[in-house]
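First the structure, in the form of structure tokens, and then the observations on it.
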């Protein structure tokens with residue numbers, strides 16, 4: 001297939017509902033995305049989730065000829081989509097205080113439960129170093145304020161997750177730990193100099209890359225010392241030069257949700273997807289608005305047709321996504337609903 005026929009594979013999108021139906025089938029068939037992201041609105045019980053992922057992957061194999069990435073934010077604490085009876089994980093700062101063995105233990109349990117119900121991509125761990133203390137937006141989601149501790153905990157989480165055949169995601173590159181504003185609402189600005197970022201914020205990501213983390217997620221944050229004009233998600237300097245060329249990351253690069261306030265206050269719906277792909281992103285994350293998901297697909301196709309996007313760059317992104325599928329989803333895993341029901345009832 002040619003690049004323009006595979007552009008859906010640059011999308012990681014949300015959906016509505018807890019079961020396979022005509023609407024969800026059409027959503028998958030029309031967008032042909034790389035994958036779906038699950039939220040609490042899609043999950044009511046382990047056996048329900050297992051049935052849903054089973055049905056999604058069965059449809060994907062029939063209609064698309066490939067499995068889908070099935071993602072969830074399961075960091076622990078307040079950012080956890082899998083509620084009881086799934087194992088409930090302490091937040092990152094508590095895990096950091098407990099030590100890396102605790103991080104490894106909970107990450108392994110989470111990955112095993114995700115695998116059981118058919119999920120395959122965890123948008124975790126958070127590798128942001130919380131240098132802002134109690135005022136930091138990441139104060140509970142970060143392992144702590146010590147770069148060495150965050151690095152060690154991050155590696156423990158990544159290894160435990162990926163050893164269970166679940167893809168891990170290091171986020172939010174190049175670091176959101178200095179931010180006081182929440183990018184869900186508006187654009188944070190990190191004023192630290194380049195040397196300070198290199199010393200404090202980048203070490204966990206550097207180590208994650210050396211540990212062969214599957215994915216990295218970008219940050220909707222402005223870093224004037226690195227790029228005075230473009231937030232991380234939209235900065236070729238940060239994504240292509242720093243992450244790819246200098247740090248050597250060859251995995252899949254996922255944007256944070258393009259519907260966040262930090263994005264929509266600066267970019268139109270037509271501009272954001274193009275700018276992110278131009279900067280070097282592989283997957284565009286659109287979580288909630290179904291209309292925006294379809295608009296994003298249309299914008300990407302239009303950008304390619306108008307010469308705004310380099311087909312060779314998009315081909316490289318598609319290759320990276322395909323390699324990820326080959327590594328983790330070949331052969332594809334289908335959840336066994338009966339086994340899941342038995343496991344979580346005991």
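The values are calculated or read from the model by the stated rules, or taken from the named source; none is laboratory data. Source: prediction; values computed, not measured. Here Cβ is always computed from backbone atoms with ideal geometry, including for glycine, and neighbour counts include all displayed protein chains.
Side notes on the structure shown:
- Residues (in contact with a helix residue (DSSP H, G or I) (Cβ under 8 Å, 6 or more places away or on another chain) and over 16 Å from residue 282 (Cβ atoms)) located in region 168-180: 174, 175, 177, 178, 180
- Taken together, 62, 32 contain a single residue that is touching a helix residue (DSSP H, G or I) at 6+ places or on another chain (Cβ under 7 Å), free of Cβ contacts under 8 Å to residues at least 40 places away in the same chain and closer than 27 Å to residue 297 by Cα, which is 32.
- Taken together, the residues in region 108-120 that are within 18 Å of residue 70 (Cβ to Cβ) and in contact with a helix residue (DSSP H, G or I) (Cβ under 7 Å, 6 or more places away or on another chain) amount to 6.
Let's see how each residue does on (1) within 21 Å of residue 118 (Cα to Cα); (2) buried (at least 16 other Cβ atoms within 10 Å of the Cβ); (3) at pLDDT 95 or above:
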site: 260; (1), (2), (3): no, yes, yes
site: 272; (1), (2), (3): no, yes, yes
site: 290; (1), (2), (3): no, no, yes
site: 299; (1), (2), (3): no, yes, yes
site: 307; (1), (2), (3): no, no, yes
site: 319; (1), (2), (3): no, no, yes
site: 326; (1), (2), (3): yes, no, yes
site: 335; (1), (2), (3): yes, yes, no
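- Of residues in region 72-88 being in a strand (DSSP E or B) and touching a residue at least 60 places away in the same chain (Cβ under 8 Å), the one nearest to the chain's Cα centre (by Cα): 75
- Residue list for region 11-27, restricted to those being surrounded by 17 or more Cβ atoms within 10 Å (Cβ to Cβ) and within 19 Å of the chain's Cα centre (by Cα): 11, 12, 13, 14, 15
- Subset of region 158-193 [in contact with a strand residue (DSSP E or B) (Cβ under 9 Å, 6 or more places away or on another chain), free of Cβ contacts under 8 Å to residues at least 60 places away in the same chain and either assigned to a helix (DSSP H, G or I) or farther than 30 Å from residue 267 by Cα (or both)]: 158, 161
- The residue of region 128-142 that is surrounded by the most Cβ atoms within 10 Å (Cβ to Cβ), among those that are over 17 Å from residue 199 (Cβ atoms) and touching a residue at least 12 places away in the same chain (Cβ under 8 Å), is 141.
- Summed over region 86-127, the residues that are surrounded by fewer than 22 Cβ atoms within 10 Å (Cβ to Cβ) and within 30 Å of residue 191 (Cβ to Cβ) give a count of 4.
- Residue match in region 177-195 (condition: modelled with pLDDT of 95 or more, crowded, with 17+ Cβ neighbours inside 10 Å and under 26 Å from residue 326 (Cα atoms)): no
- Some residue of region 66-73 being over 22 Å from residue 23 (Cα atoms), in contact with a helix residue (DSSP H, G or I) (Cβ under 7 Å, 6 or more places away or on another chain) and at pLDDT 95 or above: no
- Per-region count, region 242-262, residues part of a helix (DSSP H, G or I) and in contact (Cβ under 8 Å) with a residue 60 or more places away in the chain: 4
- The set of residues from region 303-321 being in contact (Cβ under 8 Å) with a residue 12 or more places away in the chain, touching a helix residue (DSSP H, G or I) at 6+ places or on another chain (Cβ under 9 Å) and assigned to a helix (DSSP H, G or I) comprises 303, 304, 305, 311, 313, 314, 315, 317, 318, 321.
- Residue list for region 331-344, filter: free of Cβ contacts under 8 Å to residues at least 40 places away in the same chain and not in a helix (DSSP H, G or I): 331
- The number of residues in region 121-155 that are modelled with pLDDT of 95 or more, in contact with a helix residue (DSSP H, G or I) (Cβ under 7 Å, 6 or more places away or on another chain), more than 16 Å from residue 91 (Cα to Cα) and part of a loop (DSSP other than H, G, I, E, B) comes to 0.
- Top-ranked residue in region 213-237 [being part of a strand (DSSP E or B) and in contact (Cβ under 8 Å) with a residue 24 or more places away in the chain; ranked as nearest to residue 122 (Cα to Cα)]: 215
- Within region 223-242, the only residue that satisfies the criterion of being buried (at least 19 other Cβ atoms within 10 Å of the Cβ) and out of contact with any helix residue (DSSP H, G or I) (no Cβ under 8 Å at 6 or more places or on another chain) is 242.
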